[in-house]
Each structure stands twice: as C-alpha cells, then as structure tokens.
C-alpha cells in the first residue's frame, strides 16, 4: 500500500490527483489526513504533502531501518515540487516521483549525486532492469565512479537497450549482466499470467498484455515466459499472442493452482465466480507466480506479484517477478 498523507485543503486536492494517477497505473494506494496516518508493515511507500521538516522530525526515524528494504518516502509541496528523500533507487522513490510529476504536471527535485548529474546509479539500474541487488560495496564503487566517467555495461544480446546515462553498452551471449567488467548481476525471472474468456480474439489479448507491461514499465523482451490454466491451453487468442512475443507458454493444472490458494499468507485474489466456472479461484495471478517458481526454482515467498489482476476487453493479466533478495 502506498499512503498519500496531507494536512491542508490544497494538500488534499494534490493528494487526490496523486491517488488518481497511481490508481490508473494499478497501484494500491489511499489518500489520508495526517491525523489518521499510522505506519503498517505492508506499507510500500509514503508521499507526504507537507513541509519536509514535519516528515524528518516526526516520521523518518520510524520508517528507515535498512537501505536495502526501506519503503520510499517522497515529499511534495503545494507547488507540486516533488522531492524523493528515502529509498530513491531500490525502493522506487525516483520512479514514483517521475511518474507522479508526469501525471500531475509537477517537477522532481533530486538530491542524490547520481540523479543530479543525470546518471543512473547501479542500484537504480538493478531496479529498472529487474536484476538482483548489487552488494553494498559495489553500489558505493560504481555510483562514485559513474560521476567521473562512463562505466561499461554488458547485456544479454536479446535485450534491446541502446542508451542508459552513465554507461557504455555492449552485448554478449551470456544470460547475466556485467557492470564495469567485474560485477556480475543475475536477471530476475519475470512472468506474465493470462486468463481470458472463451473465443477471445488475439488482438484483444495482445493489447491487454501491452497495456499491462506499460503500467509497470516493462519492455516485451524482458518477459521470460507466459502462463495460463490447463482449460485455456488451446485458447487461440492466448496461444497466438504468446507466439507473437516469441516466449514460452507454461500450462498449469487446476490442482497446482488450488494448492497455491491453500497458503494463508499469500495475498492473491480469490473469486467464487471464477471457481464456479473453472474450478479455481483465479488464473492470471496464481499462474504468474507458479511460472516464476518454475523458472527460478524458488519458494513462493521469494516471488513478488508486481501487477495484480488487470482486466481489459475480456482478458486478465498479472505479472510476477523473482524477489531480488
């Protein structure tokens, strides 16, 4: 959950704009008055519409714990100047600041050296490209070096990236990403789960997938696999769309999906309507998780559902990714 906290009437107006923007991108969020604000374990980030001093004096020490795991904190004033102040890279503070600024006609004010210099730090790079988190010493080393000179970045040759500020890009036949010819980072497995009504047209599935990927800023070449339930294994709209993307399609049995729903701590949508028709409580969310589990060979607890079930024109899409650590 992303919480948008306001104090004044004009702050409330801005918080509602931000809430609408984030909801468009399918993020769970809510705007709340500071009088009703409380910290909860599942909070992903905080956007304060108030003076930075209030945030620093009253809340920041309660929020910050670990650079690698902290939720992001953004402060926005009533002129819509947006300042990411905590967990800007790994936590997504920069990403959400840019997203919000674009949608509400605001301006991002950066404070970290790499961002002020127009460069992408190695920690933010890992977030952008869905890579494992670099070691602390490597973050310090590369982010310092990148301020003085461009750093080599070697990518898998199937990745279609032409330019990243601060890096000299080259390609190789390996699956890993190499930074400064010495730091090796593993790409995390990323999978798309699909459900669709019977007889769905290919173009409807295709554009639903494109929209879902757009909502999370994911290029199609970064997807590792698609997945669906056994009842949909011959659904032309799904099969032909996956072929167009030139990715594997995993088919999961209903028993495998229902077994997933027995895990009490797993937060996925449960629909009695879907169960009546298909014999499972959901399709796109659970199969996206199962696909990552299959590819990455990790426990369910090491998988993040980064896009909950998104509905468009008779298609449902969900996206899961291997946890970065």
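The values are calculated or read from the model by the stated rules, or taken from the named source; none is laboratory data. Model, not experiment: these values are computed from the prediction. FYI the Cβ positions are ideal-geometry reconstructions off the backbone, even for glycines, and counts take in every protein chain you see.
It is to be established whether one or more residues within the stretch 56-64 are in contact (Cβ under 8 Å) with a residue 24 or more places away in the chain and in contact with a helix residue (DSSP H, G or I) (Cβ under 7 Å, 6 or more places away or on another chain). No, the stretch 56-64 contains no residue that is in contact (Cβ under 8 Å) with a residue 24 or more places away in the chain and in contact with a helix residue (DSSP H, G or I) (Cβ under 7 Å, 6 or more places away or on another chain). Residues in the stretch 131-152 that are over 10 Å from residue 166 (Cβ atoms) and either buried (at least 17 other Cβ atoms within 10 Å of the Cβ) or in contact with a strand residue (DSSP E or B) (Cβ under 6 Å, 6 or more places away or on another chain) (or both): 131, 132, 133, 134, 138, 139, 141, 152.
Having 3 or more residues that are at pLDDT below 95 and closer than 17 Å to residue 83 by Cβ is the bar; report the helices (runs of 4 or more DSSP H) wholly within the stretch 1-64 that clear it. Full working, then the answer.
Working: elements: 9-24, 52-58, 60-63.
Where helices (runs of 4 or more DSSP H) fall fully within the stretch 1-64 and carry at least 3 residues being at pLDDT below 95 and closer than 17 Å to residue 83 by Cβ, they are 52-58.
In the condition set (1) under 23 Å from the mean Cα position of the chain (by Cα); (2) in contact (Cβ under 8 Å) with a residue 12 or more places away in the chain, residue 246 is compliant with all but (2). Consider the stretch 153-164 and keep the residues that are part of a loop (DSSP other than H, G, I, E, B) and surrounded by 12 or more Cβ atoms within 10 Å (Cβ to Cβ). The one that is modelled with the lowest pLDDT is 161. If the condition is being in contact with a helix residue (DSSP H, G or I) (Cβ under 9 Å, 6 or more places away or on another chain) and assigned to a loop (DSSP other than H, G, I, E, B), then the stretch 293-325 contributes 298, 299, 313, 314, 323, 324, 325. Residue 70 fails exactly one of the following numbered conditions: (1) in the same structural domain as residue 16 (by TED's automatic domain parsing); (2) without any contact (Cβ under 8 Å) to a residue 24 or more places away in the chain; (3) within 24 Å of residue 217 (Cβ to Cβ); (4) in a helix (DSSP H, G or I). What is the number of that condition? It fails just one condition, (4). When restricted to residues that are in contact with a helix residue (DSSP H, G or I) (Cβ under 6 Å, 6 or more places away or on another chain) and either under 28 Å from residue 96 (Cα atoms) or not in a loop (DSSP other than H, G, I, E, B) (or both), the stretch 200-212 contains 3. When restricted to residues that are within 17 Å of the chain's Cα centre (by Cα) and either surrounded by fewer than 22 Cβ atoms within 10 Å (Cβ to Cβ) or over 25 Å from residue 155 (Cα atoms) (or both), the stretch 94-122 contains 6.
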